[in-house]
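Undergrad: Below you'll find the structure I mean.
Values in this text are rule-based calculations from the coordinates and carry no lab data. Since this is a predicted model, take the numbers as computed values, not measurements. We place every Cβ from the backbone using ideal geometry, glycine too, and count neighbours over all the protein chains shown.
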Ligand code: AMP
């Protein structure tokens, strides 16, 4: 009788350099012509939200590449780059469980070996919401996602709708620059009590953690308010701001209703019923609890991704 326990999950290959990544991909593609590649770009400190993206990629593609890279280009000078949480060992465990085949973990030096003079800038969709409150953030995102797409050459790339603006920005970039990749938006995973999973939740004190539930509660209430046929875009925004402001620890960075995915402003006088005839709407907010900035959103009409 064998003493070996059956291996249910295979160990992903860890690669840290661009040349290793390229040669590994090339070997696998030569071995299996027509191999489809799913790609999940992340900044690590993985949770089940990331896990759901990896899992979906593994289900839909013959090969899944996960990247873990805390991209300095997308952090502002006073943001949390230096204290962004990291735990490679735990990340690799989750990557294996969810079915990643290759995990690309480059250093900053590997990704930016010399002062880069090129940026990928997307206009308009980057000018509101997180783009307005984090100047330069989406320039960093557009640039690193372009680089990663060139390196991985994925068939499909998986992005969470928790960062709905990021999905819109990346889709716009892919359309404008003819990247040969399908962007797959994935639904937001939440804790049992509704808090959206985020690597940054680890910063929250117990008191802030319980106050942060105001975000999910407000999204649920907003869905009810939006069902009122007399409700206007401006009326909904006002009610949302008021609801969040009632939480003593919450400080609103933004709370806005915008068209999705264009992110154009909505006439505040317009009834939601009318507005929704023209496009879906994104209700998005960024709220600070102490030094921690959390984002959350809902897209109306609410539909499963
Ligand atoms: P990050 O590591 O925060 O850059 O996130 C990497 C990817 O995971 C992005 O596409 C995020 O939108 C996605 N993501 C983050 N949190 C969640 C979540 N709670 N549910 C689903 N996807 C998520």
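Undergrad: Could you list, in sequence order, all residues of segment 177-229 that are within 15 Å of the ligand (Cβ to nearest atom), within 30 Å of residue 37 (Cβ to Cβ) and part of a loop (DSSP other than H, G, I, E, B)?
TA: 181, 187, 188, 189, 197, 198 - these are the residues of segment 177-229 that are within 15 Å of the ligand (Cβ to nearest atom), within 30 Å of residue 37 (Cβ to Cβ) and part of a loop (DSSP other than H, G, I, E, B).
Undergrad: Please give the number of the condition residue 237 fails out of (1) crowded, with 17+ Cβ neighbours inside 10 Å; (2) within 19 Å of residue 198 (Cα to Cα).
TA: Every listed condition holds for residue 237 apart from (2).
Undergrad: If you take the residues in segment 81-95 that are in contact with a strand residue (DSSP E or B) (Cβ under 9 Å, 6 or more places away or on another chain) and part of a helix (DSSP H, G or I), which one is surrounded by the fewest Cβ atoms within 10 Å (Cβ to Cβ)?
TA: 88
Undergrad: Restricting the search to segment 65-80, which residues are part of a loop (DSSP other than H, G, I, E, B) and either within 14 Å of residue 95 (Cβ to Cβ) or more than 15 Å from the chain's Cα centre (by Cα) (or both)?
TA: 69, 76, 77, 78, 79, 80
Undergrad: So which of 152, 170 ends up being buried (at least 21 other Cβ atoms within 10 Å of the Cβ) and free of Cβ contacts under 8 Å to residues at least 60 places away in the same chain?
TA: Answer to the check: 170.
Undergrad: Tell me, which residue of segment 210-224 that is touching a helix residue (DSSP H, G or I) at 6+ places or on another chain (Cβ under 7 Å) and crowded, with 18+ Cβ neighbours inside 10 Å is farthest from residue 300 (Cα to Cα)?
TA: So, considering only residues that are touching a helix residue (DSSP H, G or I) at 6+ places or on another chain (Cβ under 7 Å) and crowded, with 18+ Cβ neighbours inside 10 Å, the one farthest from residue 300 (Cα to Cα) is 214.
Undergrad: Continuing with the same structure: How about segment 29-64: which of its residues are more than 11 Å from the ligand (Cβ to nearest atom), in contact with a strand residue (DSSP E or B) (Cβ under 6 Å, 6 or more places away or on another chain) and either in a strand (DSSP E or B) or without any contact (Cβ under 8 Å) to a residue 40 or more places away in the chain (or both)?
TA: 35, 37, 38, 63, 64
Undergrad: Looking only at segment 12-21, decide whether some residue is surrounded by fewer than 17 Cβ atoms within 10 Å (Cβ to Cβ), in a loop (DSSP other than H, G, I, E, B) and more than 13 Å from the ligand (Cβ to nearest atom).
TA: yes
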